[in-house]
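Asks: Following this message is one structure expressed as structure tokens.
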Amino acid sequence: MELLNANGSECSLVLFYTPWCQFSASLAPHFNALPRVFPSMHFLALDASQHSSLSTRFGTVAVPNILLFQGAKPMARFNQTERTLETLTSFIANQTGFEASPDQAVEEDDRVGPLPAAPVRSIDWLFVFSVLFISGFTLYAILCTDSIRWLIPGQDHEHQE
């Protein structure tokens, strides 16, 4: 947030994304092209999984999420389902009054970076630990259930006459 000048009136567009998200990856080339279209603006991309406090602070519940800031104050949220360079350009122009440069095409370099245009594959450790916890708890619950104790050798059980 230090990059957003709290006392300034400069406009910045902030993208909250995650590197493993397919939707973030498909938006990346269009977001990478925006600095050519609006050279007077600042563009920031924050990994929402690494900056969860900022994501929470600005109400990011899903990614990708795009916010327009004036200084350090959020002014508008991009809420369109079609995330293309044209819709992003229209959103910025309508909200800020800035004129877009005529270079409004996604180029091959935009697909390379700075944001990757392909989702990054990695192990989701939260999912792994969640599955292990649920499996362990289920096994524990099964072993502690009275109706199943007769299956385990050495367990005392009552006979009904």
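The values are calculated or read from the model by the stated rules, or taken from the named source; none is laboratory data. These numbers come from a predicted model, not from an experiment. Positions of Cβ are backbone-derived with ideal geometry, glycine not excepted, and every protein chain shown enters the neighbour counts. Accessible surface areas use protein heavy atoms only, side chains included; no ligands, DNA or RNA. Shrake-Rupley method; radii C 1.70, N 1.55, O 1.52, S 1.80 Å.
Asks: I'd like to check something: does the stretch 61-73 contain any residue that is at pLDDT below 85, outside any helix (DSSP H, G or I), within 19 Å of GLY97 (Cα to Cα) and within 18 Å of the chain's Cα centre (by Cα)?
Replies: So far as the stretch 61-73 goes, no, none of its residues is at pLDDT below 85, outside any helix (DSSP H, G or I), within 19 Å of GLY97 (Cα to Cα) and within 18 Å of the chain's Cα centre (by Cα).
Asks: Does the stretch 83-96 include one or more residues that are of a type outside the set (D, E, K, R), more than 14 Å from LEU13 (Cβ to Cβ) and at pLDDT 85 or above?
Replies: yes
Asks: Please go through the stretch 114-129 and give me each residue that is at pLDDT 80 or above and under 20 Å from PRO64 (Cβ atoms), ordered by number.
Replies: Hits for the stretch 114-129 are PRO114, LEU115, PRO116, ALA117, ALA118, PRO119, VAL120, ARG121, LEU126.
Asks: Output the residue which, of all residues in the stretch 31-51 that are open to solvent by 70 Å² or more (accessible area, probe 1.4 Å) and modelled with pLDDT under 85, is farthest from PHE127 (Cα to Cα).
Replies: HIS51
Asks: How many residues, within the stretch 88-138, are surrounded by 14 or more Cβ atoms within 10 Å (Cβ to Cβ), out of contact with any Cys (no Cβ under 6 Å at 6 or more places or on another chain) and part of a helix (DSSP H, G or I)?
Replies: 8
Asks: What are the pairs, 6+ residues apart or on separate chains, where a residue within the stretch 15-37 that is outside any helix (DSSP H, G or I) has its Cβ under 8 Å from a residue that is acidic (Asp, Glu) and open to solvent by 10 Å² or more (accessible area, probe 1.4 Å)?
Replies: Pairs that qualify, where the first residue is outside any helix (DSSP H, G or I) and the partner is acidic (Asp, Glu) and open to solvent by 10 Å² or more (accessible area, probe 1.4 Å), are TYR17/ASP47; THR18/ASP47; PRO19/ASP47; TRP20/ASP124.
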